[in-house]
Amino acid sequence: MSSEQQQIVDSIRSFLTDVLPYERFVPRPTPVPNQDCAQFAKLGALGVFGLGLAEADGGVGYSMVEEVLVARELGRFLVSPTAIATMIGVHVAQAAGDPELARRLMQGDTPVAPALAFNAAKNHFAGEYHLVDGDRAEWALAWSEAGVALVGVDDWSDLKTVASIDSTLWLARVRFNTLMPDLRVAAAKGLWRRAQLLVCAYLTGLAEAALDDSVEYAKVREQFQQPIGGFQAIKHRCADMLARSSIAWNSTIFAALTDVAEGPDADFQVIAAKLLASDAAFRNAAINIQNHGAYGFTGEHHAHLFVKRAHMLDRFGGDATYQKQRMLAAKPPSQEGGPVMVGQRAWTKQEGNI
């Protein structure tokens with residue numbers, strides 16, 4: 001990272017450490033709704049939601065790479081996914097011709113709720129969705145092979161609150177009634193890749209936070225008069241967690257750079273990043289619980305939240321099965337019998353299966 005990018009990361013991490021620490025998830029006798037959106041105005045003042053929008057359009061003027069760096073930090077602190085959806089929603093509103101809405105979203109006063117397709121067609125947006133943390137939202141973000149769209153609350157119906165695997169997130173089942181919302185961007189414009197990459201970065205941050213959680217615990221928890229981090233069983237697990245999170249981050253940032261450079265294999269790289277980031281988040285979160293022993297299985301500790309949030313985020317943009325189907329359709333350009341380009345590396349059939 002450049003010094004300027006490092007300053008962005010340090011500033012958002014410092015803010016989240018002070019304002020949205022894990023302690024906000026401590027169980028209470030009476031469940032408290034997710035309060036992360038109450039801090040969105042402060043995130044807006046920091047420029048988080050307009051980070052990747054051009055200065056001429058009222059944004060901060062950075063690239064998607066800087067947005068990915070911020071999304072990674074949001075994942076570390078398990079910030080409500082509405083933050084990711086709002087970052088994407090700014091681009092949708094601007095590209096669809098509503099700069100006033102883009103300005104409002106940048107300020108953080110109008111959070112956008114992610115909408116996960118439950119029963120919707122691939123070529124339009126009408127159908128049933130799961131709405132995440134949308135109890136105070138005016139807009140929902142939906143994306144599919146039809147593109148990315150903002151669906152206003154007036155186009156929702158049959159909203160019914162349902163139980164969420166992640167109890168820190170409000171969840172509802174809802175129907176969107178419009179086939180093609182006015183505020184939409186076609187898939188060909190590449191905005192779905194931005195949405196996917198921000199989710200990848202969030203999942204990677206989650207995987208890294210689970211690793212950090214395990215390492216810190218292994219330093220202070222003792223068995224047989226020594227820290228458990230000295231035992232091979234713990235050391236090997238943590239080493240594997242580091243390898244997975246490193247692979248996920250390298251894949252995510254490479255996909256972001258490929259997209260910025262308009263590489264011909266951008267779709268392929270983004271899908272690969274989603275698969276690797278989801279895997280790292282799932283497995284690191286599960287092993288973090290194991291490393292914490294019986295303590296990790298209690299509701300008083302936040303280890304279980306990493307697992308639940310990883311399950312929720314895997315659905316964003318399609319789960320692993322869907323991503324593999326898209327990967328087959330988005331394979332890197334190649335010539336019959338010739339080399340296949342994966343990033344900047346040319347592979348031939350003689351070098352093995354890809």
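The values are calculated or read from the model by the stated rules, or taken from the named source; none is laboratory data. A quick note: this is a predicted structure, and the numbers were derived from the prediction, not measured. Neighbour counts are summed over all protein chains in view; Cβ atoms, including those assigned to glycine, are modelled from backbone coordinates with ideal geometry. Side chains are part of the model used for accessible areas, which takes the heavy atoms of the whole protein and leaves out ligands, DNA and RNA. Shrake-Rupley method; radii C 1.70, N 1.55, O 1.52, S 1.80 Å.
As a quick test, which of the pairs Lys122/Lys274; Lys235/Lys324; Lys122/Lys189 have an alpha carbon distance above 21 angstrom in this structure?
Numbers: Lys122/Lys274 19 Å; Lys235/Lys324 32 Å; Lys122/Lys189 17 Å.
Result: Lys235/Lys324 exceed 21 Å.
Working out 0.36 nm times the residue gap between Met327 and Ala121, then minus their Cα-Cα distance, what length gain in nm do you get to one decimal? Can you show the working numbers first?
Values: separation 206, 0.36 × 206 = 74.16 nm, distance 1.94 nm.
So the chain would gain 72.2 nm between Met327 and Ala121.
Before rounding to the nearest 500, sum -39500 (n - 2.57) across all DSSP H runs of length at least 4 in the chain and divide by the residue total; then give [θ] at 222 nm in deg cm²/dmol.
Details: 10 runs with 166 residues, N = 354.
Estimated from H runs of four or more residues: -15500 deg cm²/dmol.
May I ask you to compute the full-extension gain from Leu242 to Glu23, defined as 0.36 nm times their residue separation minus their alpha-carbon distance, rounded to one decimal in nm?
Details: separation 219, 0.36 × 219 = 78.84 nm, distance 2.46 nm.
Value of the extension gain: 76.4 nm.
In percent, how large is the relative contact order of the chain, given Cα pairs closer than 8 Å and 6 or more residues apart?
Details: 631 pairs, mean separation 50.8, N = 354.
Answer for the chain is 14 percent.
Solvent-accessible area per residue for the stretch 1-101 at a 1.4 Å probe radius, Å²? Walk me through the intermediate numbers first.
Details: 4180 Å² over 101 residues.
Per-residue value: 41 Å².
Using a Gaussian network model on the chain with a 10 Å cutoff between Cα atoms, which of Leu105, Leu46, Leu203 fluctuates the most?
Answer for the Gaussian network model of the chain: Leu46.
Measure out, as a whole number of angstrom, how far apart the alpha-carbon centroids of the stretch 240-291 and the stretch 45-107 sit.
Computed from Cα coordinates, the inter-centre distance equals 21 Å.
How high is the relative contact order of the stretch 1-155, in percent, with contacts defined as C-alpha pairs under 8 Å that are six or more residues apart? The partial results should precede the final answer.
Values: 236 pairs, mean separation 28.0, N = 155.
Once divided by the residue count of the stretch 1-155, the mean separation gives 18 percent.
Taking 0.36 nm per intervening residue step and subtracting the Cα-Cα distance, what contour gain separates Glu216 from Phe297 on full extension? Before the final figure, lay out each step's value.
Details: separation 81, 0.36 × 81 = 29.16 nm, distance 1.71 nm.
Once the chain is fully extended between Glu216 and Phe297, it gains 27.5 nm.
Select one label from (1) 20.9, 79; (2) 20.4, 65; (3) 18.7, 54: the one whose number is Rg and Dmax of the Cα atoms in Å as derived from the coordinates shown.
Matching entry in (1) 20.9, 79; (2) 20.4, 65; (3) 18.7, 54: (2).
Suppose R0 equals 30 Å. What FRET efficiency, 1/(1 + (r/R0)^6) with r the Cβ-Cβ distance, do Ala56 and Thr178 give to the nearest 0.05?
On the way: r = 30 Å, r/R0 = 1.01.
Here the calculated transfer efficiency is 0.50.
Zone of Glu145 (label point 7 Å along Cα→Cβ, backbone N under 20 Å): which residues in the stretch 105-128?
The answer is 115-128, whose backbone nitrogens lie closer than 20 Å to the label point.
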